[in-house]
Amino acid sequence: LQGNVPHLYIDGEWVTSQSSDRLLVNSPSTREVLGDVPRGNAHDIDVAVRAAALAHEERRWLSLSLNERACILWQIGEQLIAHSDDVGRLTAAEGCTPLSQAIGETKAAGRIFQYYAGAVDKIQGDTIPVDGEILDYTLREPLGVTAHITPWNAPMFLVARSVAPALAAGNTVVIKPDEHTPLGILRVAEILQQAGIPAGVVNIVTGTGIEAGAPLAGHELVNGITFTGSVETGRLVARAAADNIVPVVLELGGKSPNIVFSDADQDGALGSLAAGALSVFRRAGQVCAAGTRLLLHRDIYDGFLTRLVERAKQIRVGPTLDDLDIGPIISEEQFCKVMGYIEEGRKEGARLVLGGRRMESENLRRGYFVEPTILAEVDNRWRVAQDEIFGPVLCVIPFDTEDEAVQIANDTAYGLAAEIWTGNLSRAHRVAKRIRAGFVRINGQGGPPQCPAGGHKRSGYGHELGLGALHHYTQVKNVWLAL
Ligand code: NAD
């Protein structure tokens with residue numbers, strides 16, 4: 001692993017940070033130091049934003065033909081896929097995702113770039129009927145400089161998810177990756193260079209949230225912000241955006257329900273709950289849309305729960321580079337938070353039916369590993385059912401009727417995702433309509449780049465993926481012409 005990255009990526013070059021301080025990058029699997037990166041500060045952010053603003057002003061990106069821009073985005077995607085082994089290895093080592101899943105994530109990031117490559121020449125306005133000898137139409141123009149502040153839990157995917165549409169729409173961007181997982185993202189800078197992205201169009205500044213994230217969110221030359229992270233930080237970013245009157249997309253946390261009715265395909269639901277992309281155990285629960293609350297119909301409660309416990313016992317936990325099913329919690333702080341919630345859930349009266357402890361075998365002792373944990377007979381009002389734990393902790397809540405399931409599902413401050421398992425398609429659509437969440441999955445999981453994802457309620461506003469996300473990176477101009 002090449003862990004020491006001496007420079008920031010600004011204006012197409014590797015430049016030194018004004019601060020000589022470094023950020024250590026640790027493996028949460030082993031606590032080994034993998035390397036270090038610059039601890040960028042407000043000055044570095046200013047340099048990066050000005051570089052992006054100049055690149056926009058000089059039309060370094062927009063002066064390329066539509067086809068050239070599309071080809072570059074496609075090429076970035078292709079290179080991400082071609083280099084997914086080494087990029088994935090970096091993100092696995094510094095993060096919480098097992099190796100082959102991190103490689104898969106990098107490929108998914110590549111496909112997002114390719115999807116938006118196809119959108120470059122499809123961002124169009126309307127012609128609007130008006131009375132008289134008038135031609136009225138709209139243009140959809142780029143915002144200018146967009147800022148992208150991202151978390152650590154799926155670093156490559158989450159950067160691609162907002163940067164690709166921002167570029168497709170003609171913006172120049174500044175990325176502030178999370179301080180836990182900067183190495184993989186910096187590696188992407190090389191891919192951008194190779195793909196031919198002009199200088200200043202993409203800039204990357206590593207650093208902490210306070211020292212680099214906040215100055216980026218508050219920079220007066222930033223014209224739009226996409227923030228993915230916690231509700232608390234989202235509030236700060238939205239306030240900074242409000243000060244500068246710029247639009248912001250907030251992709252925040254969740255406490256998503258997974259509702260299993262008595263007529264469900266139980267094998268499918270079990271597989272999805274134990275190992276699906278939105279399983280609470282996947283990435284050790286560090287997935288914003290994870291189905292953290294299992295709402296289980298009382299008629300199947302005991303049998304299904306017994307099978308789920310048996311299934312979850314098979315989950316293999318280990319260092320990310322050992323490439324088992326799930327890896328560690330990202331940091332000691334987050335680890336303590338997860339263990340605290342498990343303890344609290346037990347005190348509140350939940351029945352611990354699986355896990356609940358730190359994993360301390362010889363090879364896991366140094367990392368932050370938590371056993372896949374299931375708390376049964378949880379009351380939805382308890383904190384374990386209301387707060388985002390961000391660990392491998394499933395809360396199981398019984399219900400009797402469809403109305404009750406919907407009521408429990410919606411009884412949370414969050415509204416990110418929901419999953420429904422039923423053999424009754426009328427019920428499936430009925431419940432999907434009543435659930436207050438940004439995306440609902442029925443009898444399975446998935447979400448290719450063309451399917452929008454975003455939060456309702458405290459899970460945020462705006463959405464990513466799909467063609468509609470391009471609107472967040474453009475502004476409408478109306479042109480009225482007397483003929
Ligand atoms: P976080 O809010 O602590 O950090 C996210 C990013 O914000 C990091 O880059 C961090 O450096 C930066 N940051 C921190 N303080 C800042 C400040 N004052 N100003 C500007 N930037 C600042 O989030 P986290 O806890 O590391 O990430 C996990 C959270 O992200 C969870 O709540 C999870 O649900 C959420 N998430 C949401 C989605 C989604 O699509 N809705 C996807 C992934 C993660």
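The values are calculated or read from the model by the stated rules, or taken from the named source; none is laboratory data. All of these numbers come straight from a predicted model, not from anything done at the bench. When we count neighbours, we look across all protein chains shown, and the Cβ atoms used for this are built from the backbone with ideal geometry, even at glycine. Calculation scope for accessible area: heavy atoms of the full protein, side chains included, ligands and nucleic acids excluded. Shrake-Rupley method; radii C 1.70, N 1.55, O 1.52, S 1.80 Å.
Numbers below:
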quantity	calculated
Full-extension gain in nm, Thr401 to Asp121, via 0.36 nm per residue minus C-alpha separation	95.9 nm
Peptide ranges 429-438, 212-221 listed from the most packed, as the mean C-beta count within 10 angstrom indicates	212-221, 429-438
Shape category assigned to the range 54-163 from the gyration tensor of Cα positions, a/c cut at 1.5	prolate
Residues of type lysines that Lys176 reaches as a straight line, Cα spacing below 23 Å, ignoring anything fewer than 8 places off in the same chain	Lys107
Proximal charge balance of Ala212 [Cβ under 13 Å; K/R count +1, D/E count -1]	-4
Alpha-carbon centroids, the range 119-186 and the range 391-464: separation in whole Å	27 Å
Cβ charges +1 (Lys, Arg) and -1 (Asp, Glu), total dipole of the chain, debye	620 debye
Mean separation of Cα contacts under 8 Å (6+ apart) over length of the range 223-344, as relative contact order %	19 percent
The chain: C-alpha gyration tensor shape, a/c 1.5 cut-off, then a/b vs b/c	oblate
Additional length obtainable on full extension of the chain from Lys313 to Ala242, 0.36 nm per residue less Cα span	20.8 nm
Portion, in percent, of the accessible area of the range 267-376 that falls on carbon or sulfur, probe 1.4 Å	45 percent
Cross-link pairs Lys313/Lys337; Lys122/Lys477; Lys337/Lys457 - those with Cα-Cα distance over 21 Å	Lys313/Lys337; Lys337/Lys457
Within the accessible area of the range 4-79 (1.4 Å probe), percent carbon and sulfur	49 percent
Rough spin-label spacing in nm, given labels placed 7 Å along Cα→Cβ, for Asp265 and Arg383	4.0 nm
For the range 348-353, Karplus couplings with θ = phi - 60° (6.51, -1.76, 1.60), whole Hz, Gly/Pro x	5, x, 6, 9, 7, 9
Within the range 113-133, backbone nitrogen closer than 18 Å to the virtual label 7 Å beyond the Cα of Lys477 toward Cβ	121-128
For the chain, calculated [θ]222 nm from helices alone, where every DSSP H run of n ≥ 4 adds -39500 (n - 2.57)	-11000 deg cm²/dmol
Point-to-point label distance, Gln450-Arg298, nm (Cα→Cβ direction, 7 Å offset)	4.4 nm
Listed peptides 244-255, 169-180, 348-359 by packing density, highest first (mean Cβ within 10 Å)	169-180, 244-255, 348-359
Placed amide H near Phe399: partners under 5 Å, 5+ positions off or other chain	Leu296, His297, Arg298
Å² of accessible area per residue within the chain, as computed with a 1.4 Å probe and no ligands counted	40 Å²
Arg365-Trp14 pseudo-label distance in nm [points 7 Å out on the Cα-to-Cβ vector]	3.8 nm
Per-pair calculated FRET efficiency, R0 = 25 Å: Ser65 and Gln193 via Cβ, rounded to 0.05	0.80
Gained length - Asn443 relative to Glu332, 0.36 nm times residue gap less alpha-carbon distance	36.4 nm
